[in-house]
Every structure is written in C-alpha cells, then in structure tokens.
Amino acid sequence: MNEEQTGNERASGHGQTRAIVVGPYPTRGPAALSRDAQARLSEAVGLAQAIDLDIVGEIPIALSEVRPATYLGKGKVEEIAEAVKEKEAGLVSMDCQLSPVQQRNLEKAWDAKVIDRTGLILEIFGQRARTKEGSLQVELAHLAYQKSRLVRSWTHLERQRGGFGFLGGPGETQIETDRRLIEERMRRIEHDLDKVKRTRGLHRKTRRDVPYPVVALVGYTNAGKSTLFNRLTKAEVLAQDMLFATLDPTLRQIRLPHGARVLLSDTVGFISDLPTMLVTAFRATLEEVTLADVILHVRDVSHEDSEAQARDVEAILEELGLKGEAEGRIIEVWNKIDALDQERCEALKLAARGYEPGRRPAMVSALTGEGLDMLLARIENLLAESRMTLALELAPEDGQGLAWLHAHAEVLSRETREDGGSRLVVRVAPERAEEVRRRYGAAAPAERGG
C-alpha cells in the first residue's frame, strides 16, 4: 500500500467518506467497559456522523485481550478487512486509543485510513470551534496528538478528514524537522492563548464589577444543554441532536423570578474517555464552570446510559477540582422528560423525591418548557443563601435610585408610603451590601435568606 492509496478516500455518491465504526471493548481487567457496549458503540457512531461520515458498518467486538501490534486479534483484523473491501469503506473509526504502531499496522492490513477515538474527537473539535480561543485550544491539542504520532515506523502524516491536518506526507528523514516545526507552532499558540486568557480575565473582572452571578451549564454531550440555554435566554445557539454541537462557551443574561439578573453560560459537552490533551487544552474554556456561582449538571434521563454519562461528567468535574468544593452549588437537572413514557416519568419523580431537598434533581423538558419555572426558583434560592437581605427607604423623587436597585439587586418587595416614597426589601451580593448601605443611608438589615 502506498501513501496515495491510503489518502484516496472512498466516497459515497454524496461525496461523503464511507466509514466502518469498530467498537473493540475489553471484557476484563482495568480497561473493561463499565457501561453498556451497544450504547457506547451507538455513541461512537454518533461521533463519526458528527464529521459527516457515511456509516456503512458497525462492528462490536468483545475483546479478551489487547494485542500490542494491532489491538485486535488476527482473526478480527481479517474479518474487518473483508468488511472494508465488501463495503468499499475508505475509513475505519476505532472506538479506542491506538498507539501509532497499531494505527499504521491496521491501515496496512485494511488498505484504508484508520482513526482512533482521540483523533475523531479532535476532528470534531477542529470543525466546531468558532472563537479564536477555541480554535487555538483545538489546534494545540491536535499538534500534541500529531507529535505523538511521529515515530520511526510512520510513513505518512497526511491530512485527516475534516478539521485539521497540518503536515502533508513527510518521509522518515523529515521526522525531526516535523517535530521541531510542531514544537515551534505549539509555543506560538501557547503565547497567543496567554494573551487571549488575559483579555478574557479583564472581561471577567468587568462582569464581577457589575456583578452578576454566573450560572454554568455542564453535562454529557447531547444532554440538551443548548436547547435549555435557548429556552431560558431566547437565544439561537446551535442546538442539534448531534454530539458536540456546542464547543465555544456562550454567555447570555437572564432574569430570575424576583428580577435579579444572572449570566447563563453554555459550555462544551463532556464525554467518556475525553482525550487528556483536550481536558488540559479546554481547562481555560471551562474556567466559566470553576468560577460559576451555580452549576447546572444537565442529564438526558431518556438515554439508556444516563447513569454512566453522569459518572463521566462527575469524573471531569473532579479533575477540574470541583467535585467536593462545588457540591453545594450543583443542581442536577434531569432533562428530556418529554421523551419518557408515563410509567418511567412517574418512577423518576418518585426517585427524585428520595433525595434530600437541597440535593433534589430538577425534572425538566427544555423542549416543552416543563419544569423550568421551578428550576429558576431553585437557582434563585441557591444564590440567595450567599446573599444579604436589606430593608431600605427611598424618597419619592429618587426614581434614579429605584432604577439602580432594580439593575443591581433583587427587589423582593416594595410598599408605597403615604408621602409617595418607597419601602423596599432587596437582596444583594455580600460585596454590594456596603455600597447599598452607603448609597441609601442607614439601611437596616432585614431577615437573611430567601
């Protein structure tokens, strides 16, 4: 097989690359799959479809041991070679992490391009990143991945289908040059990212000066975060039944029931076995989560693998240092209840009532809006726990002061005095309390909480 043959992608009539998805899942040992194999394979197919591949075959494999040279046993390698030939597939997506040698050996055996889970996720990220920071983060992760593929036995580094492919077909004598070029490019990107982060830090400081609390949406990819974001903000963020529809964090302002404004942040979806290089690369992007006042963990409770997906999200939150420290500010949102039959929905409602009130999941449908009023009230109550409630009196002519309070605090109640002035109870962030006291005289503290 020569490079030209490998690079020629066999395409369907619509110009899509024909692909076979292989799910080789170990059945024992530390690498054994902790979730349903069919659900994991379906997810792998969804990932491949996310970069517009034409899936012509799905092959689950129960793997007793991983082979150093080809990952799979000889019989399975030959079986897949037959399938590739029969289906005229130009690409095989392996839902596992392959070493460079394994990838190369499989490409030789199948006369087709082979991409592993890491490479596939990087491709998706490469296509979806829209902001400058997102694009730089993905390029940095992709270069780290490319650098790991530079081994003596490697004979080509051609363009992978979709988002990236920086170097085209170097021979063995090029390896050291390529490594140096990659390292130089990585250093430049890291320098550019530092500048972007500083700018974002200034923007965040401006927001703190307002200050509006931040509510961050997190969850497994395709859990419905963007649909929920759109429903709450009336925005038009890309929300599709597609893995990784959202990559770059999006911020919008919303009002809570008592009028307080908060910033809602939609973030990248999490996924099992997220490449380590991407967790590192997107740590800055996920800073919105680490700094959020409230975190909404959105779960697709209609998915058969919902519990395993939740564990994967919790593992990444733990990796971000959030699991213990943020426990009190996480609300679990059980989304897509509209997709459940009545019996399953009642069973979940019963299960939710088994949680202690402060940790009880919010059951919602982002699609229909069911349960969102109660969710907003939960967010407001959680924010209220760290806020101060103050009683104030305003002169009749202080319309400007009233407007300021509505813009910077929650106005919980307002009574009009006989002289036309106002008696108000407001709730403010602790850092605002002194300013409110100064601005409105001796504001006597009212009962705390909400």
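Just so you know, all these numbers are worked out from the coordinates, no wet-lab data involved. Fair warning: this is a prediction, and the values are worked out from it, not measured in the lab. Counting neighbours? That spans all protein chains shown, and the Cβs are built from the backbone with ideal geometry, glycine included.
Check the straight Cα-Cα distances from Lys76 and name the lysines below 27 Å, setting aside those fewer than 8 residues away within the same chain.
Qualifying lysines at Cα under 27 Å: Lys85, Lys87, Lys108, Lys113.
What is the spin-label model distance, in nm, from Glu78 to Leu291 if the labels are put 7 Å beyond Cα along the C-beta direction?
5.9
Sorted by packing (mean other beta-carbon atoms within 10 Å per residue), highest first, where do 85-94, 363-372 land?
Output ranking for 85-94, 363-372: 85-94, 363-372.
Determine ³J(HN,Hα), in whole Hz, for all residues of the range 40-47 in sequence, where each value follows from phi through the Karplus function 6.51 cos²θ - 1.76 cosθ + 1.60 and θ = phi - 60°; x replaces Gly and Pro.
Values, residue by residue: 5, 5, 4, 5, 4, 5, x, 4 Hz.
Which cross-chain or sequence-distant (5 or more) residues have an amide H under 5 Å from the amide H of Val301, H modelled 1.01 Å from N in plane?
Hits under the 5 Å cutoff: Asn335.
Would you list, by chain and number, the lysines whose Cα falls below 24 Å from the Cα of Lys234, excluding same-chain residues fewer than 8 positions away?
The reachable lysines, counting only those whose Cα sits under 24 Å from Lys234, are Lys225, Lys336.
If packing is taken as the mean number of other Cβ atoms within 10 Å per residue, what is the order of 394-403, 373-382, 308-317, 215-224, highest first?
215-224, 308-317, 373-382, 394-403
As an exercise, identify the trypsin sites (Lys or Arg not before Pro) in the range 13-55 lying in DSSP coil whose Cβ has no more than 16 other Cβ atoms within 10 Å.
For trypsin sites (Lys or Arg not before Pro) across the range 13-55 that sit outside H, G, I, E and B with at most 16 neighbouring Cβ atoms in 10 Å, the list reads Arg28.
So the label point goes 7 Å from the Cα of Glu307 along Cα→C-beta, right? Which residues of the range 347-388 then have their backbone N under 19 Å from it?
347-356, 360-362
Between Leu402 and Glu86, what is the FRET efficiency for a Förster distance of 51 Å, r being their Cβ-Cβ separation, to the nearest 0.05?
Efficiency at R0 = 51 Å is approximately 0.10.
Roughly speaking, what is the stretch gain from Glu184 to Arg28, that is 0.36 nm per residue apart minus the C-alpha to C-alpha distance, in nm to one decimal?
This chain segment gains 52.0 nm when fully extended.
For Arg261 and Tyr355, what is the calculated FRET efficiency with R₀ set at 30 Å and r taken between the beta-carbons, to the nearest 0.05?
0.55
List every residue whose amide H lies under 5 Å from the amide H of Arg67, counting only residues 5 or more places away in sequence or on a different chain, with H placed 1.01 Å from N in the peptide plane.
Correct list: Leu72.
Set the Förster radius R0 to 51 Å, insert the Cβ-Cβ distance between Val66 and Glu343 as r into 1/(1 + (r/R0)^6), and round the FRET efficiency to 0.05.
0.80
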